[in-house]
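The structure under discussion appears below in the form of C-alpha cells.
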Ligand code: PRT
Ligand code: ZN
C-alpha cells in the first residue's frame, strides 16, 4: 500500500488534507491516529512533524511525503521533488534590527545570526564569502536580537508581519519555498500507478484553481471579436438567444487575466457577465 507522510498539525496540515479531498481521496477526520487508510483510494496516511518527513521518506517508511521545500533542503536527505503544490509559499530571509546600518551582505561578517535553518544559511554565507557565527535555535527565532542572543536572524517570512512587530527589517531573501510532494523513487509498479493517478488528479485540480468559467450575453456582431479575447480550450461556446441579434457566450479564462478580459468584453457590448468557479478541468 502506498504510504504518504503529511504534517499532523501546523501550517501545511490543512491544505495537504484539503488537496487530498479535492482529488477525491477521503480522509478520516477523527484522524489524530498516527496511521490512517483512505477508505476509497489505495493510500495510507502517516501523520508526523514536518521536520521528520524528509527522513521518513528517504528511509522508505513512507514512499511519499508532503512537506515544505525548506525542510527538504535543510534536512538534506536523498528524496525527489515530484511536484510543487502551490501552497505554503514562504521564503527564508535574513533580517536585521530596523535601526541597523545594513549596507550589503558583508554587514553579517563577524555577526551572530539566529536560525533554525543552519545548513541553508551556511551555504549562503559560504557563497558570499562571509564568516559569521550561527546560533541554532528552534522556535521564536524573531526574538533573538531583542534578547541579545544574536545580531540578526535567518527565518521564514511570509507576510513579513512578524518581522515588523519585532522591530526587524528583511534585508536578504535567500531561499524560496512552497509545499512539495516528495518521493524516494523506490516505488513498486502498483504504487507507481497509484502515484500517476494522484498526479493526474492534482494537475487537474491545480489547473482548475487558476481558471474561471465566464458566461455573458453579447451582440451577434461582436462574437468574432469576443472569440479573439477569449481563446478558451478550443473555442468559446456560442448559443443564440431568443432576443434577435444576441448570443450567449461561454468560456474559460485564467484568473490573472479575468479583469482585463472583462473590461475588453464590456467595451464590445457584453452584458450580464457571470464568473463561476470551476471544480475540475479534465484535459
Ligand atoms: O510541529 P511541526 O514541526 O510539524 O510544525 P512547525 O512548527 O515546524 O512548522 P509550521 O507548521 O509552522 O510550518 C510548516 C511549514 O509551513 C514550514 O516549514 C514552511 O514550509 C511553511 N510556511 C509557510 C511557514 C510560513 N509560511 C510562516 N509564515 N512556516 C512558518 N511561518 C512562520 C514565520 O516564521 C513567522 O514566524 O509564521 C510566522 C508568521 O509569518 P509572517 O511573515 O506572515 O508574519
Ligand atoms: Zn517543524
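No value in this document is a laboratory result; all are computed from the given coordinates. Computed from a prediction, not measured in an experiment: that's the story for all the values here. For neighbour counting, all protein chains shown are included, and Cβ atoms are generated from backbone atoms with ideal geometry for every residue, glycine included.
Here are the numbers:
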{"quantity": "In degrees, nearest ten, helix 258-267 long axis to first principal axis of the chain (Cα)", "calculated": "30 degrees"}
{"quantity": "Degrees separating the helix 118-127 axis from the principal Cα axis of the chain, which is the longest one", "calculated": "90 degrees"}
{"quantity": "Residues 173, 261, sorted so that the one with the fewest Cβ neighbours within 10 Å comes first", "calculated": "173, 261"}
{"quantity": "Principal axis box of region 164-278, alpha-carbon based, largest edge first, Å", "calculated": "62, 53, 20"}
{"quantity": "Sites residue 274 and residue 200, calculated FRET efficiency, Cβ-Cβ separation with R0 22 Å, nearest 0.05", "calculated": "0.15"}
{"quantity": "Region 211-277: Rg to Rh, with Rh as the Kirkwood radius over Cα pairs", "calculated": "0.93"}
{"quantity": "Nearest-0.05 FRET efficiency for residue 35 and residue 111, computed from C-beta distance (R0 45 Å)", "calculated": "0.50"}
{"quantity": "Percent RCO, i.e. relative contact order, over region 1-123, from Cα pairs under 8 Å lying at least 6 residues apart", "calculated": "26 percent"}
{"quantity": "Square roots of 5 times each gyration tensor eigenvalue, C-alpha, region 90-176, largest first, Å", "calculated": "17, 14, 13"}
{"quantity": "Value at 222 nm in deg cm²/dmol, rounded to 500, when DSSP H runs of n ≥ 4 in the chain each add -39,500 (n - 2.57)", "calculated": "-8000 deg cm²/dmol"}
{"quantity": "Residue of 245, 60, 185 that the Gaussian network model of the chain assigns the largest fluctuation, springs spanning Cα pairs under 10 Å", "calculated": "245"}
{"quantity": "Pairwise centroid distance, computed over Cα atoms, of region 150-187 with region 242-283, Å", "calculated": "38 Å"}
{"quantity": "The chain - convex hull of the alpha-carbon atoms, volume per residue in Å³", "calculated": "190 Å³"}
{"quantity": "Share antiparallel - DSSP beta bridges, the chain, percent rounded to 5", "calculated": "75 percent"}
{"quantity": "For region 132-226, convex hull volume per residue from C-alpha positions, Å³", "calculated": "253 Å³"}
{"quantity": "Helix axis angle, 11-22 relative to the chain longest principal axis, alpha carbon, degrees", "calculated": "30 degrees"}
{"quantity": "Tail weight of P(r) past 18 Å, computed on alpha-carbon pairs of region 18-164, percent", "calculated": "65 percent"}
{"quantity": "The chain: relative contact order as a whole-number percent, Cα under 8 Å and 6+ apart", "calculated": "19 percent"}
{"quantity": "Using a Förster distance of 30 Å, the FRET efficiency for residue 178-residue 241 (Cβ separation, nearest 0.05)", "calculated": "0.10"}
